[in-house]
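The next block holds one structure in the form of structure tokens; read it before the comments.
The values are calculated or read from the model by the stated rules, or taken from the named source; none is laboratory data. Everything numeric in this text was worked out from a predicted model, so none of it was measured. All Cβ positions, even for glycine, are placed from backbone atoms using ideal geometry, and neighbour counts span all protein chains on display.
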């Protein structure tokens, strides 16, 4: 495609694209003529990443340049992971995110149907707190709802042979682990730590374990797929 089409598709001015090329953030395109450059789909993806890193992570071009170069060498799995994290875990969004009040607002925000919203509430995957007579959903609940919808769109839904109730089993396991670990922590900490110290440690542990579960699942799935493909 020509640079005019690239600018239209990415909504980035041609002057800005030329600037990215001069600074080495984007590699120079292949020439299809003396003064004609040919941009492929990779440029659309790279410019989209540059925009996300600037708008949501506020990174300078010098850092973005290194990320783009590494991105070109990443596997398909690593590239999807970056896109996924940029979509669901934008730092600014999480800083200014507000709870969602009401079931209708939750369904409109997440795209989750009334039927499956009821199921996931029943299973304890999604929860809410009542405030002034209305259910209020946290940012985490909203993200979980969006992820469930994305799973279905990717082909991991009831019609594809995937049983959504498996998520209930996972939620029950994690809930049991959380209750057990919190109970043990509080029993050994109440006498030697102040309430402020307990709260601080609890918050830090929560975030560390969130990352642990995320990376553990990625690791186990990657190893599982590796064994399947190897045996095939």
> When residues of the stretch 184-226 are filtered for being touching a helix residue (DSSP H, G or I) at 6+ places or on another chain (Cβ under 9 Å) and more than 22 Å from residue 147 (Cα to Cα), how many remain?
Replying inline: 10
>> Regarding the stretch 147-154, can at least one residue be identified that is surrounded by fewer than 16 Cβ atoms within 10 Å (Cβ to Cβ) and farther than 25 Å from residue 98 by Cα?
In response: yes
>> Being at pLDDT 90 or above and either over 24 Å from residue 82 (Cα atoms) or surrounded by 10 or more Cβ atoms within 10 Å (Cβ to Cβ) (or both) is the requirement here; does residue 180 meet it?
In response: yes
> Taking only pairs six or more apart or across chains, which ones have beta-carbon atoms under 7 Å, a first residue in the stretch 54-78 that is more than 22 Å from residue 28 (Cβ to Cβ), and a second residue that is part of a loop (DSSP other than H, G, I, E, B)?
Replying inline: 56/90
>> Show me the helices (runs of 4 or more DSSP H) found entirely inside the stretch 22-126 where at least 3 residues are at pLDDT below 80 and surrounded by 12 or more Cβ atoms within 10 Å (Cβ to Cβ).
In response: 76-88
